[in-house]
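The following block contains the structure, expressed as structure tokens.
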Amino acid sequence: MEETILNKASELFLAQGFKSVTMDDIATELGISKKTIYQYYASKLELVEKTMLFINSKILHELTCQMSNDLDSITEMLEAHRKIDEVLTINNSASLHQLKKYYPKIAQKVRSLHLPQYLQLIEGNIKKGIEQGLFRSDIDIEFSSRFFFASNIALEDTAFFPEKDFDLIQIHKLHLEYYLRSIATEKGHQKIEELKKDRIKNSN
């Protein structure tokens, strides 16, 4: 039951917002009483934190599995990005904005808790790219991985990217391409163009 609650809470929080969704909403969607939810979580605050931990654990699991595949570093990053979209199933920034606005301590706590794992995965990808000749060998790996992670978070700031003007999934795709191009070698740029052509061809 606990995982069922977390799955439904994740779905509703991401679709409608962490502040907007109530415990009653979650109970109604699950067809259970609110009292049942409180048997597992003492408050909405606790449920929000456990849900964020749950979501991040799912993302990290998907990324770890994805990056264990035998792919070149650029394809690996693009596939990892797609996996995150699948987990989050979100196309607007309202829910993440609500999380940071109304539950800033939780957002910071969960981010700090999982930061080392995210950085380890990004650094591993960069090292692989350097070995494959797709990424420049002169880049600062630690800085680049931290910059990529931090700038991803900045995309969720609605002051810079208002929801009415920007599609969150699209700007994350643009961000990933800019990041890859900033560290790619000539060989890496050719790979990026090749993958873009394949994606356009497959979408037609």
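Given the options Glu131, Glu123, name the one that is over 29 Å from Lys100 (Cβ atoms) and of a type outside the set (A, V, I, L, M). Talk me through it step by step, then tell me what you get.
Details: Glu123 fails: over 29 Å from Lys100 (Cβ atoms).
Only one candidate qualifies: Glu131.
Return the only residue of Gly188, Gly133, Gly129 being part of a loop (DSSP other than H, G, I, E, B), in contact (Cβ under 8 Å) with a residue 40 or more places away in the chain and among the small types (Gly, Ala, Ser). Before you say what the answer is, go through the steps one by one.
Details: Gly188 fails: part of a loop (DSSP other than H, G, I, E, B); Gly129 fails: part of a loop (DSSP other than H, G, I, E, B).
From the options Gly188, Gly133, Gly129, the qualifying one is Gly133.
Just one of Thr36, Thr51 is among the β-branched types (Val, Ile, Thr) and surrounded by fewer than 16 Cβ atoms within 10 Å (Cβ to Cβ); which is it?
Details: Thr51 fails: surrounded by fewer than 16 Cβ atoms within 10 Å (Cβ to Cβ).
Within the list Thr36, Thr51, the selection yields Thr36.
State all residues of region 13-31 that are assigned to a loop (DSSP other than H, G, I, E, B), at negative phi and either touching a Leu at 6+ places or on another chain (Cβ under 6 Å) or without any contact (Cβ under 8 Å) to a residue 12 or more places away in the chain (or both); if no residue qualifies, say none. Step through it out loud before you land on a result.
To start, the set of residues in region 13-31 that are assigned to a loop (DSSP other than H, G, I, E, B) comprises 17-22, 31.
Remaining after also requiring at negative phi: 18-22.
Within region 13-31, Phe18, Val21 qualify.
Criterion first (over 30 Å from Ile192 (Cα atoms) and either out of contact with any Leu (no Cβ under 7 Å at 6 or more places or on another chain) or modelled with pLDDT under 95 (or both)) does Met52 satisfy it?
Values: over 30 Å from Ile192 (Cα atoms): yes; either out of contact with any Leu (no Cβ under 7 Å at 6 or more places or on another chain) or modelled with pLDDT under 95 (or both): yes.
Against the criterion (over 30 Å from Ile192 (Cα atoms) and either out of contact with any Leu (no Cβ under 7 Å at 6 or more places or on another chain) or modelled with pLDDT under 95 (or both)), Met52 qualifies.
Another question, then. Counting just the residues of region 32-46 that are of a type outside the set (Ser, Thr, Tyr) and free of Cβ contacts under 8 Å to residues at least 40 places away in the same chain, which one comes out nearest to Ile106 (Cα to Cα)? I'd like the intermediate steps shown before the answer.
Step one: list which residues in region 32-46 are of a type outside the set (Ser, Thr, Tyr), which gives 32, 34-35, 37, 39, 42, 44-46.
With free of Cβ contacts under 8 Å to residues at least 40 places away in the same chain added as a condition, the list becomes 32, 34-35, 37, 39, 42, 44, 46.
Details: Ile32: 26, Lys34: 22, Lys35: 24, Ile37: 20, Gln39: 21, Ala42: 16, Lys44: 12, Glu46: 9 Å.
Per the criteria, the residue is Glu46.
The values are calculated or read from the model by the stated rules, or taken from the named source; none is laboratory data. From a predicted model like this one, the values you see are computed outputs, not experimental measurements. Glycine gets a Cβ as well: all are built from the backbone with ideal geometry, and neighbour counts include every protein chain shown.
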